[in-house]
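One structure is given below, encoded as structure tokens.
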Amino acid sequence: MSQLVLTANPDFADLALAEVDAAGVTSLAMEMLEPGVYLLDLAEAFWDLAEHWRSHPPMFVRHICPVQRTVPLQKSDADLPALSAAVRAEFGDLLEPQLSFSVQSRTLCELPYKRFDINNSLAAALHEATAAPLDVRAPVQILSVVCAEVALDEHTDTHNNTSQAVALVGLSLASQNLSDWAGGMRRFAREPEQVSRAEFKLLEALEVFQITLPPRGVALDLGAAPGGWTRVLRGLDQYVTAVDPAELDPRVKADRSVRHKRITAEAYLADEPDTFDVIVNDIRMDARDSARLMHAYARQLYADGLALVTLKLPGQNRQSILNEALQILAHAYQIRGVRQLFHNRSEVTVYLVPKN
């Protein structure tokens, strides 16, 4: 038996947990630590599930990390020395000294110290024990720490308490956690020129799907207004045709490498448009209608081009609607990836390339 902490968007938690079963893993017990965060007891090893999802990434599970040691917390200043000693004893011989590492912590309960304090204390303890290099930007190994209230065993003398604050600690490779970021919570710095928070969706998609755009490429942004995705594409050296009946932000519109077509995506397609290296679509419409629109635009994509589309999902019948939309897309594209990203809301992002 093994334990892991699984994180997903709370609105899609049911679909994320279903992906555990679909991976052929037996869940023996489950406890919700907070909405979207679950502690699972599995019949199989964490590594089996992690390796399966490395080659077959889930759509809705955002992040996983193993639990190899549970350390009780007193919610006092004594916690950090005790936690550091436990980590040094448990993981000092497991951390590969020649590989970089980082400590990622999450606090799901009230504590008198911050995540910064946990990370610094444990990183110092491990570095002292192993001399492994600390690299918070691109670590190979990650020590994950999730501080939460967990249910106590019914046979434990609880003095009428039903839960205990603990630190759930595990060591894994960054590549086994599905995301390099604690809980899959990818943060981007807000820039003064930012047009909308939707920009983060495109930035995260490019990173998660490991997409490199062609130098000086030509891109089509469907449903572009107010111009956030167009601004991101311009920052990545793309010449952009922005299609939307609504107005663009003046800062985007003033860019001479942006061509604004103030018509609908359907009307632009009927006008026999150009061919593009990149097509992106963040239009708010039914997922199946978005898929049909992208299917129609497939002929406007170069053979070595790529496309990204967000598929908006309703509260009911989400899986069946998503499956139908993906089937429509599969007639015209190879589907390279589908993920419910941190910056997505009630939607998933799909990465497409033309069929050969």
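The values are calculated or read from the model by the stated rules, or taken from the named source; none is laboratory data. All values reported here derive from a predicted model rather than from experimental measurement. With ideal geometry, Cβ positions are generated from the backbone for all residues, glycine too; neighbour counts draw on all protein chains shown.
Scan the strands (runs of 3 or more DSSP E) fully inside the range 1-107 and keep the ones with 2 or more residues being buried (at least 20 other Cβ atoms within 10 Å of the Cβ) and either touching a residue at least 60 places away in the same chain (Cβ under 8 Å) or not polar (S, T, N, Q) (or both).
The qualifying strands (runs of 3 or more DSSP E) are 2-8, 37-42, 61-67, 101-107.
Within the range 130-178, can you find the residues that are of a type outside the set (S, T, N, Q), at pLDDT below 95 and not in a loop (DSSP other than H, G, I, E, B)?
Ala151
Return the residues of the range 205-221 that are in contact (Cβ under 8 Å) with a residue 24 or more places away in the chain, within 25 Å of Ala189 (Cα to Cα) and part of a loop (DSSP other than H, G, I, E, B); say none if nothing qualifies.
Passing the criteria: Phe209, Ile211, Leu213, Pro214.
Closer than 30 Å to Pro10 by Cα, surrounded by fewer than 16 Cβ atoms within 10 Å (Cβ to Cβ), touching a strand residue (DSSP E or B) at 6+ places or on another chain (Cβ under 7 Å) and not aromatic (Phe, Trp, Tyr): does that describe Gln316?
Criteria not met by Gln316.
Is it true that Pro58 is within 20 Å of the chain's Cα centre (by Cα), farther than 23 Å from Ala174 by Cα and at pLDDT 95 or above?
For Pro58, the condition - within 20 Å of the chain's Cα centre (by Cα), farther than 23 Å from Ala174 by Cα and at pLDDT 95 or above - is not met.
Could you go through the range 251-259 and let me know if any residue there is among the polar types (S, T, N, Q), closer than 27 Å to Thr212 by Cα and either at pLDDT 95 or above or out of contact with any Phe, Trp or Tyr (no Cβ under 6 Å at 6 or more places or on another chain) (or both). Outline the logic, then answer.
Kept after step one, since they are among the polar types (S, T, N, Q), are these residues of the range 251-259: 257.
Restricting the remaining residues to those that are closer than 27 Å to Thr212 by Cα gives 257.
Still in the running and either at pLDDT 95 or above or out of contact with any Phe, Trp or Tyr (no Cβ under 6 Å at 6 or more places or on another chain) (or both): 257.
Yes, that holds for at least one residue.
I'm trying to understand the selection: among the residues of the range 2-45, which are within 17 Å of the chain's Cα centre (by Cα) and among the acidic types (Asp, Glu)?
Restricting attention to the range 2-45, the residues satisfying the condition of being within 17 Å of the chain's Cα centre (by Cα) are 5-17, 19-20, 35-38.
Scanning the range 2-45 gives Asp11, Asp14, Glu19.
Just to be sure before I move on: is Val67 at pLDDT 95 or above, touching a Gly at 6+ places or on another chain (Cβ under 7 Å) and not acidic (Asp, Glu) in the structure I sent? I'd like the intermediate steps shown before the answer.
Working: at pLDDT 95 or above: yes; touching a Gly at 6+ places or on another chain (Cβ under 7 Å): yes; not acidic (Asp, Glu): yes.
It is true that Val67 is at pLDDT 95 or above, touching a Gly at 6+ places or on another chain (Cβ under 7 Å) and not acidic (Asp, Glu).
Kindly indicate whether any position in the range 218-233 is touching a Ser or Thr at 6+ places or on another chain (Cβ under 8 Å) and of a type in the set (D, E, K, R).
Yes, because at least one residue in the range 218-233 is touching a Ser or Thr at 6+ places or on another chain (Cβ under 8 Å) and of a type in the set (D, E, K, R).
Among the listed residues Ala224, Ala246, which satisfies the condition of being part of a loop (DSSP other than H, G, I, E, B) and loosely packed, with under 15 Cβ neighbours inside 10 Å? Break it down stepwise before answering.
Working: Ala224 fails: loosely packed, with under 15 Cβ neighbours inside 10 Å.
Exactly one residue qualifies, and that residue is Ala246.
Kindly indicate whether Leu248 is touching a strand residue (DSSP E or B) at 6+ places or on another chain (Cβ under 9 Å), under 29 Å from Trp181 (Cβ atoms) and free of Cβ contacts under 8 Å to residues at least 60 places away in the same chain.
Criteria not met by Leu248.
Which one of the conditions (1) outside the structural domain of Asp41 (by TED's automatic domain parsing); (2) touching a residue at least 12 places away in the same chain (Cβ under 8 Å) does Glu191 fail to meet, given that it meets all the rest?
Unmet for Glu191, out of (1) outside the structural domain of Asp41 (by TED's automatic domain parsing); (2) touching a residue at least 12 places away in the same chain (Cβ under 8 Å): (2).
Could you please let me know if Pro112 is under 26 Å from Pro35 (Cβ atoms), more than 21 Å from the chain's Cα centre (by Cα) and assigned to a loop (DSSP other than H, G, I, E, B)? So that I can check it myself, show each step before the final result.
Details: under 26 Å from Pro35 (Cβ atoms): yes; more than 21 Å from the chain's Cα centre (by Cα): yes; assigned to a loop (DSSP other than H, G, I, E, B): yes.
Considered against the rule, which asks whether it is under 26 Å from Pro35 (Cβ atoms), more than 21 Å from the chain's Cα centre (by Cα) and assigned to a loop (DSSP other than H, G, I, E, B), Pro112 comes out as yes.
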